[in-house]
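Chemist: One structure, as structure tokens, below. Some questions next.
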Amino acid sequence: MNRTVSVVLGVVLVLVGLLWTLQGLGVVGGSVMSGVTFWAVVGPVVALGGLFLVAVGGRRRSGD
């Protein structure tokens, strides 16, 4: 995967994971996801996956 694509996708996943976590915890309201424990669990998993993509994409050399 292209380095830039990996980093951008990773950042998007981190932001989505953070949003899902906050919705699951009931901090962000106005959604059917608000206050549902499932999203409070899935959100951090998605965010960690995004952090992994950012780390891998950031460590790759441009020639690889």
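Coordinate-derived values only; no laboratory data. These numbers were taken from a predicted model, which means no experiment stands behind them. Using ideal geometry, Cβ is built from the backbone for each residue, glycine included, and neighbour counts are taken over all protein chains shown.
Each row is one residue, and each column tells you yes or no for (1) in contact with a Leu (Cβ under 9 Å, 6 or more places away or on another chain); (2) surrounded by 13 or more Cβ atoms within 10 Å (Cβ to Cβ).
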| site | (1), (2) |
| --- | --- |
| 4 | no, no |
| 10 | yes, yes |
| 14 | yes, yes |
| 20 | no, yes |
| 30 | no, no |
| 38 | no, no |
| 44 | yes, yes |
| 50 | yes, yes |
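Chemist: Further question on the same structure: In the stretch 12-63, which residues are of a type in the set (Phe, Trp, Tyr) and more than 29 Å from residue 2 (Cα to Cα)?
Modeler: 38, 39
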